[in-house]
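Notes for the one structure printed next.
The values are calculated or read from the model by the stated rules, or taken from the named source; none is laboratory data. Predicted model only: the values in this text are computed from it and were never measured. Here Cβ is always computed from backbone atoms with ideal geometry, including for glycine, and neighbour counts include all displayed protein chains.
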Amino acid sequence: MKKITIIALAFVLIGPSVLAQNKGVFSGNLQSFTSFFDRDDKIGANESPQYFEQLSSAEAWLFMNYQVQGFNFSARYDIFNNSNLLNPTGNYSGHGIGFWQIRKEIGNLDITAGSFYDQFGSGLVFRAYEQRLLGLDYAMEGLRVKYKIGNDFFIKGFTGRQKSNQISNRGDRFGTFPEIIMGLNAEKNLKISKKINANFGAAIIKRTISEEEMTDIANIISSYENTADKFDPKWNAYGYTAYTNLGIGKNLVLNGEYVGKTKEAYQNINGKYELKPGKIISTGFNFSKRKLGRNKKSSLGINAEFRQIEDFQFKISPREILLSGLMSYQPSLTRQASYRLLARYNAPAQEWGERGFKGGLTFSFKRGRTLSLNYSNVKRLDGEKLFKEHYAQYSHKFSKIFKAKMGLQTIFYNQQVYEGKGKEYDNVQTITPFVDMTYKLNSRNSLRFEAQYMKTGQDLGSFANAILELNMSPHYSFAISDMVNTEPVRLGDEKNSNEILHYYSIFAKYNIKTTSFTAAYIKQVEGVNCTGGICRLEPAFSGFRCSVITNF
């Protein structure tokens with residue numbers, strides 16, 4: 001209610017005088033998703049109350065933006081009805097203003113009041129962002145000011161509180177956490193020579209814990225039996241970063257970032273508080289070269305990244321767990337896969353400690369042929385293996401109407417660490433060949449087929465997946481797919497241990513101007529779902545899903 005009052009008051013005070021001079025520009029968008037749950041005990045689609053009680057759920061986001069005379073007014077209305085998006089094994093109902101903002105530019109000064117998304121550097125020390133399809137929203141609510149000094153230098157700062165969430169035991173989806181956050185960031189572009197350009201930045205974040213949280217944390221620490229384990233928790237925690245991007249000529253970019261955090265009460269991997277600092281070291285490079293070879297029709301791209309995390313857990317409160325109250329952004333140090341079986345095993349960043357490397361090479365031959373190679377390797381700081389991937393892909397455009405790609409992926413995945421499973425679950429090792437072919441039937445219609453086969457003797461066993469997709473531009477898309485558990489492995493499920501299960505889906509999409517409608521019947525296997533480098537474990541799903549997405 002307070003947010004609605006503030007937005008309405010802003011329009012009343014500013015609107016009449018401004019509207020008389022300029023009608024402004026109004027725009028927005030709507031995303032709406034509805035699910036109908038069809039219980040399936042065999043695939044484990046029975047772990048939320050929607051399968052037994054509500055039988056359906058809905059989520060929607062209506063975003064509206066109005067620009068006039070240098071002012072920008074934004075608001076987003078969110079609704080959750082019996083939703084398991086925020087908690088995959090629970091249900092939540094609520095609605096309200098999920099985002100609101102008033103913004104004004106005065107010369108080189110940019111002022112924002114209300115909700116905002118932002119990040120310092122790459123986001124390792126601070127990032128306020130949203131991953132809607134995973135139910136994540138880390139919007140800040142407060143005041144942000146940014147000042148540009150010329151075209152190559154800026155300073156920005158903010159103070160505010162982070163939006164709370166339904167996962168936490170404090171607040172709800174439409175409130176804020178009581179902790180106060182303040183931040184300052186400066187960034188400078190510098191031309192060192194004709195061939196060398198540099199970007200330098202530094203930032204600091206301060207979080208002050210609430211009195212209630214401090215009392216609870218202090219009581220937990222004081223209850224420890226061993227005197228050596230007891231300490232006085234800190235009211236304030238500081239995160240800081242220094243980063244640079246160095247461009248050398250037209251082909252090479254080097255980057256590096258150092259992130260640190262002062263000592264604070266920190267939950268170790270066993271859930272016990274320790275007084276510890278934390279740090280992250282990240283570095284990498286990108287090299288690209290076009291017009292190679294005798295005919296100047298080839299190109300080469302190489303990239304690599306190294307990152308080490310040491311006890312870097314930076315949250316609204318040390319008591320928050322999993323994805324609740326995140327202030328920093330630590331994406332998975334792995335290649336983001338788009339194919340269903342290739343994306344089944346991912347490596348979420350381990351804030352307690354990891355050391356990892358990712359590298360890739362892409363070489364494009366003449367006549368539409370491309371070879372891509374990727375390698376990822378992530379370990380704990382003590383050397384324990386967490387994740388490893390080898391990936392190769394070859395693409396070939398045979399003609400104007402037919403193109404294809406094929407490849408191979410191998411994975412090593414520490415299931416006990418990433419999914420918190422018991423010692424009876426072995427590390428997963430997979431080998432997955434895949435193929436993807438597209439044939440243009442005519443100038444508007446095309447047919448696409450993709451298939452993968454994942455061979456493994458761990459987790460749920462081996463799977464085959466195939467999709468046939470028909471695109472009829474500009475209005476229609478249809479797809480049918482089936483993911484088959486061809487060689488099942490099901491620990492603790494003797495009843496269905498040898499049964500071959502199918503996870504099929506039927507999908508249809510209709511586009512009209514800026515609006516799209518989708519409908520699908522889906523059976524989805526349990527696993528880690530990733531969006532934008534952020535991953536979470538989701539239960540199996542069985543049922544019908546539809547959506548409406550539009551821009552105006």
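Tabulated data for the structure shown
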quantity	calculated
Set Gly114, Gly135, Gly175, Gly121: member being within 18 Å of Ile209 (Cβ to Cβ) and under 24 Å from the mean Cα position of the chain (by Cα)	Gly175
Residues of region 454-469 classified as touching a Leu at 6+ places or on another chain (Cβ under 6 Å) and surrounded by fewer than 21 Cβ atoms within 10 Å (Cβ to Cβ), total	0
So Gly457, is it on the phi > 0 side of the Ramachandran plot, out of contact with any Phe, Trp or Tyr (no Cβ under 8 Å at 6 or more places or on another chain) and of a type outside the set (Lys, Arg)	no
Looking only at region 316-351, and only at residues there that are in contact (Cβ under 8 Å) with a residue 12 or more places away in the chain and of a type in the set (Ser, Thr, Tyr), the one that is surrounded by the fewest Cβ atoms within 10 Å (Cβ to Cβ)	Tyr339
Residues located in region 318-344, provided they are touching a Phe, Trp or Tyr at 6+ places or on another chain (Cβ under 7 Å) and either among the acidic types (Asp, Glu) or not in a loop (DSSP other than H, G, I, E, B) (or both)	Leu326
Output for region 94-110, where each listed residue is more than 13 Å from Arg173 (Cβ to Cβ) and either out of contact with any strand residue (DSSP E or B) (no Cβ under 7 Å at 6 or more places or on another chain) or without any contact (Cβ under 8 Å) to a residue 60 or more places away in the chain (or both)	Gln101, Arg103, Lys104, Glu105, Ile106, Gly107, Asn108, Leu109, Asp110
Selected residue [over 21 Å from the mean Cα position of the chain (by Cα), surrounded by 16 or more Cβ atoms within 10 Å (Cβ to Cβ), under 26 Å from Glu538 (Cα atoms) and free of Cβ contacts under 8 Å to residues at least 40 places away in the same chain] from Asn72, Asn91, Asn81	Asn81
Residues within region 216-239 that are out of contact with any Phe, Trp or Tyr (no Cβ under 9 Å at 6 or more places or on another chain) and closer than 13 Å to Lys279 by Cβ, tallied	1
In region 224-250, residue farthest from Gly301 (Cα to Cα) [restricted to those that are hydroxyl-bearing (Ser, Thr, Tyr) and modelled with pLDDT under 95]	Thr227
Only one of Gly239, Gly271, Gly247 that is out of contact with any Ser or Thr (no Cβ under 8 Å at 6 or more places or on another chain) and crowded, with 16+ Cβ neighbours inside 10 Å	Gly247
Residues satisfying the stated conditions in region 205-228, i.e. part of a strand (DSSP E or B) and without any contact (Cβ under 8 Å) to a residue 40 or more places away in the chain	Lys206, Thr208
Contacts under 7 angstrom Cβ, first residue in region 453-468 being among the basic types (Lys, Arg), partner in a strand (DSSP E or B) and buried (at least 16 other Cβ atoms within 10 Å of the Cβ), 6 or more apart	Lys455/Thr430; Lys455/Ser462
Lone qualifier among Ala113, Ala58, Ala75 - being more than 30 Å from Gly183 (Cβ to Cβ) and either at pLDDT below 95 or among the hydrophobic types (A, V, I, L, M, F, W, C) (or both)	Ala58
Of all residues making up region 18-40, the number that are modelled with pLDDT of 90 or more and farther than 27 Å from Gly98 by Cβ	3
Qualifying residue in region 251-266 (condition: under 23 Å from the mean Cα position of the chain (by Cα) and modelled with pLDDT under 95)	no
Selection count, region 119-164, where residues are closer than 30 Å to Thr89 by Cα, assigned to a strand (DSSP E or B) and of a type in the set (D, E, K, R)	6
Hits in region 152-164 (condition: in contact with a Lys or Arg (Cβ under 6 Å, 6 or more places away or on another chain) and modelled with pLDDT under 95)	none
Filter result (within 19 Å of Tyr413 (Cα to Cα) and at pLDDT below 85) within region 498-536	Glu526, Gly527, Val528, Asn529, Cys530, Thr531, Gly533, Ile534, Cys535, Arg536
One residue from Arg132, Arg127 being touching a residue at least 60 places away in the same chain (Cβ under 8 Å) and surrounded by fewer than 17 Cβ atoms within 10 Å (Cβ to Cβ)	Arg132
Conditions (1) more than 25 Å from Phe287 (Cα to Cα); (2) assigned to a strand (DSSP E or B); (3) of a type outside the set (Val, Ile, Thr); number of the one not met by Asn199	(1)
Strands (runs of 3 or more DSSP E) lying entirely in region 243-317 (those with 2 or more residues that are of a type in the set (Lys, Arg))	252-267, 273-292
